[in-house]
């Protein structure tokens, strides 16, 4: 049976998750880990942003950011729980990073995305100047359908310099995060 896309007024029904970084009280921290629950537009999916270490979050101006130091040893990730099939559309996020001389992050490195255990071919450059605070949009193709269940979207570094496997005390930070999707019918 082929998946069907529900339509409303000739358009596919889209859903989204939004992470409220501007709500400083929403970011929960325990030790070196932080967690921010998403605000869903649909009952079919919920999720949160967290990390497996390298934190905690930090307050910058009027918001909190998800900070991960030793990025490569520790990873920021989204945990999703969906009750029906969904087709991923876009992941939008803004990132910040250190790129100091003498570290594996200098002069820049790449940041990739994995959905569950599959690495996307798309990546962004984590470098100084123009890329600091840049908003990235990862467009998923129509093949990114997630069955009902639990899924993980993970950021990871690649192309670190000086033979480094992680960023050391240099940070990779995230804010302004949204994930859009289409709900699929069986």
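Tabulated results
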read-out: The range 150-180 versus the range 25-103: alpha-carbon centroid distance in Å; value: 10 Å
read-out: Cα gyration tensor shape for the range 26-122, rounded if a/c is under 1.5, else prolate or oblate; value: oblate
read-out: Relative contact order (%) - criterion: Cα under 8 Å, at least six apart; region: the range 20-183; value: 29 percent
read-out: Extension gain (nm, one decimal) between residue 73 and residue 152, 0.36 nm per residue minus Cα-Cα; value: 26.7 nm
read-out: Computed FRET value (nearest 0.05) for residue 139 with residue 43, which takes r as the C-beta separation and R₀ as 22 Å; value: 0.30
read-out: Sorted by Cβ neighbour density within 10 Å, fewest at the top, the residues 95, 151; value: 151, 95
read-out: Prolate/oblate/rounded label for the chain (Cα gyration tensor, a/c 1.5); value: prolate
read-out: 132, 181 arranged by Cβ crowding within 10 Å, fewest neighbours leading; value: 132, 181
read-out: Gyration tensor verdict on the range 35-83 (Cα atoms; rounded if a/c is under 1.5, prolate if a/b is larger than b/c, oblate otherwise); value: oblate
read-out: Net lengthening on full extension, residue 114/residue 14 (0.36 nm per residue, minus Cα-Cα); value: 33.8 nm
read-out: Relative exposure of 16, 169, judged by other C-beta atoms within 10 Å (fewest first); value: 169, 16
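Read-outs: derived from the displayed coordinates by stated rules, not from any lab. Small disclaimer: the values here were computed from a predicted structure and weren't measured. Note that we place each Cβ from the backbone using ideal geometry, even for glycine, and neighbour counts take in every protein chain shown.
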